[in-house]
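Working notes, beginning with the structure itself.
Each reported figure results from applying straightforward, stated rules to the coordinates on display, with no laboratory input. These numbers come from a predicted model, not from an experiment. Positions of Cβ are backbone-derived with ideal geometry, glycine not excepted, and every protein chain shown enters the neighbour counts.
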Amino acid sequence: MVTDINLAKARRIAAEVADPELPFLTVEDLGILREVSVEDDVIIARLTPTYSGCPAVSVIEKDVLNALTQAGFNARVVRSDMPPWTTSWITPEGIAKLQSNGISPPEPAGMSDALFATRVVACPRCQSEDTEKVSEFGSTPCKAQYRCNTCKEPFDHFKCH
Amino acid sequence: MSEHLLNTVLQIADDHLILGHRVSEWCGHAPMLEEDLSMPNMALDLIGQARSLYTYVAQLEGKGRTEDDFAYLRGDREYRNCLLVERNNEDFAHTVLRQLYFAAFMKPFWEAMHTCSDETLVNISHKAVKEIAYHVRHCGEWVIRLGDGTAISAERMHDAVLALHPYTAELFEIDNNRQQCINSGLFPDSQALQPAWTSTINQIFTQAKLAVPRDEYPQTGGRKGLHTEDFGILLSQLQYMQRAYPGASW
């Protein structure tokens, strides 16, 4: 029988699972852990994928399942596509962790579709707004590459999505 | 109805897988590091969308096949992708133009899908539309840079337009299966998306100093399973692992 206390514990265990590509961020920080519930004594963790083709999605699902199973829970991970994930679900803690790990967090407003649109992206190291985009795409689907013209450091920018 | 829906979802699933595979061929070969990242990123978006669509096709079919069976274990005549997406990469001009032609269609397509009545497709559309908007912007910018670039880049862009434009008409083709889906409110009317597509292309071509050719000899056949010669070579690479080692998994 899964009690309320156990459910809270299961929620905490699932929430602490880290993103394999951004290991300082948990699924809770990213906002992709939507719900942990009980159905017929089975813990159901609902996760929303970030990008359709992000290879980290299936790894995260396995990691959450493993964490819950190792803690002794009979658990299942369910993919929940609707509503679609958006970067506005990243928690304030997540934003702060991105910043302190040298990744400039996504801007809150929706991104412009205009061609050659430029956005002000502040350098996560020196906060200068004199930065330039090096590439629209980065090492993972969620990031773009920028460089800072003030401190001359390159940095990743978490794209607004 | 589910037969019509299955066949129509299969068309767009195949579009995404085949274009995703073509774009992935650039991995490790792109002209600069930044594009070596952008190409696999776009391929991942497309293949991710294809996976969701094939999973739904398998569910509609209800015969126990999986997304992998559809991707890896069909013959060329069973693929229903449009011919545009299977065209060879040729050079960077062909590649970014092919991507722009396709993305400029899929963006209004997914937007129109938001108000259709199939829950699974509506869910896929909300995710895909954000990803495809990126492709329109990224490839649109490249078409402008190359079209309005050096004499050589402009010439290559011009050649790509002449080579690929005849394949764009098929994007708007409506066969009986699709017509039934449109009538039932499950799919957007592709022909109603033509003004949006034309406006995107015209706007980008004007900036790129490229002329939009007249649609004189539209090339079609993919929706009936009639593909170009290049397609067999693509499939042999795509399916090699599953054919040589049946059931192999990561």
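Using the Cβ-Cβ distance between residue A:5 and residue A:150 with R0 set to 51 Å, the FRET efficiency works out to roughly 0.50.
Let me know the whole percent of all Cα-Cα pairs from region A:104-158 that are separated by more than 15 Å.
Tail of the P(r) past 15 Å holds 44 percent of the pairs.
Listed values for region A:22-34 are Karplus-derived 3J(HN,Hα) couplings in whole Hz (6.51 cos²θ - 1.76 cosθ + 1.60, θ = phi - 60°), namely 10, x, 7, 9, 9, 4, 5, 4, 6, x, 8, 7, 7, and x replaces Gly and Pro. At a Cβ-Cβ separation cutoff of 4.7 angstrom, cysteine residues of the protein assembly as shown with no neighbouring cysteine are A:54, A:142, A:160, B:27, B:82, B:116, B:139, B:181.
Translational diffusion of region B:2-244 was estimated from the Stokes-Einstein equation, with Rh taken as the Kirkwood radius over Cα pairs; at 37 °C and 0.692 mPa s the coefficient is 181 µm²/s.
Between the amide H of residue A:38 and those of A:44, distances stay under 5 Å, these residues lying 5 or more places away or on another chain, with hydrogens modeled in the peptide plane.
Its alpha carbons give region A:4-85 an Rg and a Dmax of 11.8, 36 Å. For the residue pairs A:159/B:130; A:97/B:127; A:97/B:130; A:97/A:133, the alpha carbons lie more than 18 Å apart in A:97/B:127; A:97/B:130; A:97/A:133. Which of B:104, B:143, B:164 sits closest to the plus end of the dipole of region B:2-244, meaning its Cα is farthest towards the positive end, when Lys and Arg get +1 and Asp and Glu get -1 on the C-beta? Farthest towards the positive pole: B:104. Here region B:152-249 was treated as a single set of alpha-carbon atoms; its pair distances binned every 10 Å from 0 give 12, 30, 29, 22, 7 percent. Distance from the Cα centroid of region A:102-161 to that of region B:206-224 is 35 Å (rounded to whole angstrom). Note down the relative contact order for chain A as a percent, whole number, built from C-alpha pairs under 8 angstrom at least six residues apart. Here the relative contact order equals 18 percent. Taking Lys and Arg as +1 and Asp and Glu as -1, the other residues whose beta-carbon sits under 11 Å from that of residue A:63 total -2.
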